[in-house]
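The values are calculated or read from the model by the stated rules, or taken from the named source; none is laboratory data. Every value quoted in this text rests on a predicted model; they were computed, and no experiment measured them. Ideal geometry is used to build each Cβ from the backbone, glycine not excepted, and the neighbour counts take in all protein chains shown.
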Amino acid sequence: MPYATSMTEAELIEGCIANDRIAQQALYEKYSRAMYTSAYRITSDFELAEDVLQEAFVKVFRYIKDFRRESTLGAWIKTIVVRTALSHVKKAPPTETLTTSHAQELVDWGRNQLDAEYLEKAIQELPEGYRAVFVLIEVEGFSHKEVSEMLGISVGTSKSQLFHAKKRLREAITRYER
């Protein structure tokens, strides 16, 4: 088997199917950072994102033999991560989120310049469905069709949720700029 960092996608897949620990480690190292970011953006919780990442990679290694190569390996893994994250979010008890005005009382956001931290917080305060669609389309670059398949919703629902997510973010930005 070639050295782990020089393995092609096909070699990684075949190695993981064969339960080769070096290939599994290489696959994890190649994709874990981006997948953790996706998991965090959906869960809004560092520890839960870590749990999601671990659970998702267990699924990846268990089901990689079923990977049909109709998409890239990264897109297939991201689908597993997103679905795992969403299932955890749905199971989690509701938590209190800070209102935008309360968050502004706690943090000095600067003057007249939209702070990336404020925007991230505003995204995290979106309702679960809006946040998932917004992150997948606007941050991760998926199409409405891909998101609808990933989340098990219609394309129309995906478009509607993105519209409402953007509307809420515009309102948050307007409040911020006042």
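Can you confirm whether segment 53-64 contains a residue that is more than 22 Å from Glu146 (Cα to Cα) and in contact (Cβ under 8 Å) with a residue 40 or more places away in the chain?
Within segment 53-64 (the criterion being more than 22 Å from Glu146 (Cα to Cα) and in contact (Cβ under 8 Å) with a residue 40 or more places away in the chain), the answer is yes, since at least one residue qualifies.
Being at pLDDT below 90 and touching a Ser or Thr at 6+ places or on another chain (Cβ under 8 Å) is the filter here; which residues of segment 23-43 pass it?
Result: no residue meets the conditions.
Go through (1) among the small types (Gly, Ala, Ser); (2) at pLDDT 95 or above; (3) within 23 Å of Gly141 (Cα to Cα) one by one and return the number of the condition Ala18 breaks.
If we test Ala18 against (1) among the small types (Gly, Ala, Ser); (2) at pLDDT 95 or above; (3) within 23 Å of Gly141 (Cα to Cα), just (3) comes out false.
Here's a check for you: in segment 10-52, which residue that is aliphatic (A, V, I, L, M) and in contact with a Cys (Cβ under 8 Å, 6 or more places away or on another chain) is nearest to Arg69 (Cα to Cα)?
Initial filter on segment 10-52 (aliphatic (A, V, I, L, M)): 10, 12-13, 17-18, 22-23, 26-27, 34-35, 39, 42, 48-49, 52.
Subset that is in contact with a Cys (Cβ under 8 Å, 6 or more places away or on another chain): 23, 27.
On the way: Ala23: 17, Leu27: 15 Å.
Checked segment 10-52; the qualifying residue nearest to Arg69 (Cα to Cα) is Leu27.
Take the residues in segment 115-166 that are farther than 17 Å from Ser38 by Cβ and of a type in the set (Val, Ile, Thr), then tell me which one is modelled with the lowest pLDDT.
The selected residue is Ile153.
Within the group Thr95, Thr84, which residue is surrounded by 13 or more Cβ atoms within 10 Å (Cβ to Cβ) and either modelled with pLDDT under 90 or under 18 Å from Ala132 (Cβ atoms) (or both)? Write out each step before concluding.
Numbers: Thr95 fails: surrounded by 13 or more Cβ atoms within 10 Å (Cβ to Cβ).
So the residue among Thr95, Thr84 that is surrounded by 13 or more Cβ atoms within 10 Å (Cβ to Cβ) and either modelled with pLDDT under 90 or under 18 Å from Ala132 (Cβ atoms) (or both) is Thr84.
Regarding Ala103, is this residue at pLDDT below 85 and either within 15 Å of the chain's Cα centre (by Cα) or in a helix (DSSP H, G or I) (or both)?
Working: at pLDDT below 85: yes; either within 15 Å of the chain's Cα centre (by Cα) or in a helix (DSSP H, G or I) (or both): yes.
Criteria met by Ala103.
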